[in-house]
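The structure appears right after this line, and notes come after that.
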Amino acid sequence: MAKNIVEKVLLAHLREGDYIAGKEIGIRIDQTLTQDATGTMAYLQFEALGLGDVKTDLSVSYVDHNTVQVGFENNDDHIYLQSVAAKFGVVYSRAGNGICHQVHLERFGKPGTTLLGSDSHTPTGGGVGQIAIGAGGLDVAVAMGGGLFYLAAPKVYLVKLSGKLNDWVTAKDVVLKMLELLSTRGNVGVMLEYGGEGVKTLSVPERATIANMGAEMGVTCSIFPSDEITRAFLTAQGREKDWSELSADAGAKYDRVIELDLSSIEPMAAAPHSPGNVKKISELEGMKVDQVCIGSCTNSSYKDMMTVASVLKGKTVNKDTSLGIAPGSRQILQMLAKNGALADMIASGARIMESACGFCIGNHFSPKSGGVSIRTSNRNFEARSGTKDAQVYLTSPEAAAVAAVTGAFADPRKSGVRYPRVAEPAEYLLDDSMFIFPQPKGKNGPVFRGPNIGEPPRNEKMPESLSGDAMAKLGDKITTDHIMPAGARLKYRSNVPKYAEYVFENVDPTFSKRCLENRAKGVQNIIVAGESYGQGSSREHAAMCPMYLGVKAVIAKSFERIHAANLVNFGIVPLIFRNPADYDAIEKGDKLSSENWRAAVAAGKTVVIKNERTGAAIECGYSLSERQRAIIAAGGLLNYTTSK
């Protein structure tokens, strides 16, 4: 029977379950990656599981998020990560080596394999033909120990590309067009497969940009064929032996086919405060720009950086605009330094930043109050930049560079700037000296633990009944950044009691204190939310910290995939309103109860919640497998796994 690319890779890795769309399957994971913001807790959990050496073909621990070392916390976590990597056989990528997704694509990505990463933009690997999936750190810890990763067998949409991109139109514009078509919600359980003649016009870094921002659509991952273009990229990286051909069979079936003519796309931007709020740049022409940030795991490849350098060469950044540039990897930074492009950037007045995730997560280079910031990254959620009232737009590096020079939004096709033609290099600079590869003697070394590093918290078993307060009534599209602020707060990632103080900090600063007061009185806490709860990061702290505060259930109209899985992993029940109108009848502070909810969930039956203020009986469902229901009953994946 003819198979598409997704089916070929998943069936080759299938170890449990029947491959039927929507049914839970367990797959073997070949590679894992973590980054320091999520990795510290992932390795603490790996230790707590008592699993010994990693069992994957390759596991890499990257330090790329909280590289700004103000205070001892971040540095302590990095030393912990280095020592625990040596002990358990993990490759360690030192701070300064680059952003995990770009570096992994360059040095380790392998067609036809599976990659699980504790970061939502792990799907970047789809650019080189990997099934690359973002997940919570606890899921990654289990996979590192040889456990399966469970997901719903996906629906597969074919994005059939035709034509060729015009000058000044980029892969970023392609994925923004896809966001316009699919939006940021309603795509749970979908994998995107890109095909058609247009694929042959896209380089691997361009494919990776498109795959990267599939995360913003809520799809599980995106994947491209592995073809001669993939082979050329891997050869240039000195890794031709890792190449294998991967393509769909003639007559392969898809759940949906989306036709997209690349030549019809024009320069696009995502307007505040959602990657799905897509506009044409021509509609924004003339808007004053205060800041430009170029880089991130989405757009900091060699071609991206060389194009920016060409636009800036011989020019000066507008006097009212600040420009920061962060090449995505040390490899690219070194190449820019050797060929003179870095000098052109510096001469223009650009500020050169570390090859890290800093500005993207609001860890530095935040905009001014109310400032307009153009960024080439993948998210523009409210307050994510570190400035709550900033107006953040997402564009291609080309459009961002033109705006930096002109000081305003400008359609790059009409800017008068000569279009720079940049080819992929036949050879990349190869220097793996910033990786620390595991050695036998490292297994006997001590694991460093600073005073900010605690134990991974465990939940209690699911109580027989639910009786608690609606501590928050939230709207649609609540992101993990709303739940757990990133940026400087991330230094508390391995100290859950401290980090939990900031749950919903930018939404309701009293939430944490009120929950702790309830927990002390033995009163359970419940969150009520609208559509697409948990968009954004894979950061499991958005489930772990509410669990620590005594949250037992989140009742929402719908959930995003990674966050729903993280709630289950920490014993919080993700309940879905059977009747969305019931959401409207709940008020913050309402007392909600269900006498037999544990038994109902165990049996796969509807949970009925009583609102004591109104007397209404609210029917709630859930999308949980039998395995997930057992995890919740045990109080989370850590309890469930260690008990087995």
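Any read-out appearing in this document is the output of simple, stated calculations on the displayed coordinates, not a laboratory observation. If you're wondering where the values come from, they're calculated on a predicted model, not measured in any experiment. Here Cβ is always computed from backbone atoms with ideal geometry, including for glycine, and neighbour counts include all displayed protein chains.
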The alpha-carbon pair-distance distribution computed for region 190-266, with 5 angstrom bins and whole-percent values, is 3, 13, 22, 25, 20, 11, 5, 0
Any residue on another chain or 5+ positions along whose placed amide H is under 5 Å from the amide H of ILE223 is listed here as LEU192, GLU193, TYR194
Excluding residues fewer than 8 positions from LYS315 in its own chain, the aspartates and glutamates with Cα under 19 Å of it are ASP290, ASP304, ASP344, GLU398, ASP411
Ranked on Cβ counts within 10 Å of their own Cβ, fewest leading, TYR302, TYR499, TYR622 go TYR622, TYR499, TYR302
Between SER537 and residues 5 or more places away or on another chain, the pairs with built amide H atoms under 5 Å apart involve THR480, ASP481
Whole-Hz Karplus couplings 3J(HN,Hα) for region 62-70, θ = phi - 60° and coefficients 6.51, -1.76, 1.60, Gly and Pro as x, run 9, 10, 8, 8, 9, 8, 6, 9, 9
Measuring from its Cα centre, region 5-264 shows a charge dipole (+1 at each Lys and Arg Cβ, -1 at each Asp and Glu Cβ) which, in debye to the nearest 20, is 320 debye
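Please tell me which of these pairs span more than 24 angstrom C-alpha to C-alpha: LYS241/LYS338; LYS87/LYS498; LYS23/LYS557?
On the way: LYS241/LYS338 27 Å; LYS87/LYS498 28 Å; LYS23/LYS557 21 Å.
In this structure, LYS241/LYS338; LYS87/LYS498 exceed 24 Å between Cα atoms.
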Computed curve, region 276-414, Cα-only Debye sum without solvent term, log₁₀ I(q)/I(0) at 0.15, 0.17, 0.20 Å⁻¹, is -0.64, -0.84, -1.17
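What percent do you get for the relative contact order of region 466-643 when only Cα pairs under 8 Å and 6+ apart count? Mind showing how you got there, number by number?
Details: 367 pairs, mean separation 41.3, N = 178.
This gives 23 percent for region 466-643.
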Projected onto their principal axes, the Cα atoms of the chain stretch, largest extent first, over whole-Å spans of 70, 55, 52
Per residue, the convex hull enclosing the alpha carbons of region 466-643 has a volume in Å³ of 108 Å³
Here FRET efficiency (C-beta to C-beta, THR316 to ALA599, R₀ 60 Å, nearest 0.05) is 0.30
In order over region 225-241: 3J(HN,Hα) from phi, Karplus 6.51/-1.76/1.60, θ = phi - 60°, whole Hz, x for each Gly or Pro, gives x, 9, 10, 5, 5, 4, 4, 4, 5, 5, 5, 5, 8, x, 10, 4, 5
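List LEU105, LEU575 from most exposed to least, where exposure is judged by having the fewest other Cβ atoms within 10 Å. Working shown, then result.
Working: LEU105 30, LEU575 27.
Arranged by neighbour count, lowest to highest, LEU105, LEU575 become LEU575, LEU105.
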Length gained if ASN579 through MET1 is fully extended, taking 0.36 nm per residue and subtracting the Cα-Cα distance, is 204.0 nm
Sorting ALA581, PRO111, THR642 by the position of each Cα along the dipole of the chain (Lys, Arg +1; Asp, Glu -1; all at Cβ), the one nearest the positive end of that ordering is THR642
Long-range amide H partners of GLY636, meaning residues 5 or more apart or on another chain whose placed amide H is closer than 5 Å, are GLY571
Unit-weight point scatterers at every alpha-carbon of region 5-264, Debye formula, q = 0.09 1/Å: log10 I(q)/I(0) is -0.39
Taking Cα atoms, the helix 36-49 axis meets the longest principal axis of the chain at an angle in degrees (rounded to 10) of 40 degrees
About its Cα centre, region 466-643 carries a charge dipole, from +1 on Lys and Arg Cβ atoms and -1 on Asp and Glu Cβ atoms, whose size in debye to the nearest 20 is 440 debye
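For LYS461 and THR606, what is the calculated FRET efficiency with R₀ set at 25 Å and r taken between the beta-carbons, to the nearest 0.05?
Working: r = 22 Å, r/R0 = 0.87.
The value I calculate is 0.70.
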Restricting to aspartates and glutamates and to Cα separations under 14 Å from LYS441, and discarding same-chain partners fewer than 8 apart, the set is ASP53
Cross-link reach from LYS177 to aspartates and glutamates, straight Cα distance under 13 Å and at least 8 residues apart if same chain, gives GLU216, GLU259, ASP261, GLU266
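Could you tell me the relative contact order of region 5-264? Use alpha-carbon pairs under 8 Å, at least six residues apart, and round to a whole percent. Write down the numbers at each step before the final one.
Working: 574 pairs, mean separation 58.7, N = 260.
23 percent.
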Diffing region 270-276: the Karplus 3J(HN,Hα) column from phi (6.51, -1.76, 1.60, θ = phi - 60°), in whole Hz with x for Gly and Pro, holds 9, 8, x, 10, 8, x, x
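State to the nearest 20 debye the size of the charge dipole of the chain about its Cα centre, where the only charges are +1 on K and R beta carbons and -1 on D and E beta carbons.
Details: 71 positive and 69 negative charges, 114 e Å.
Charge dipole of the chain: 540 debye, to the nearest 20.
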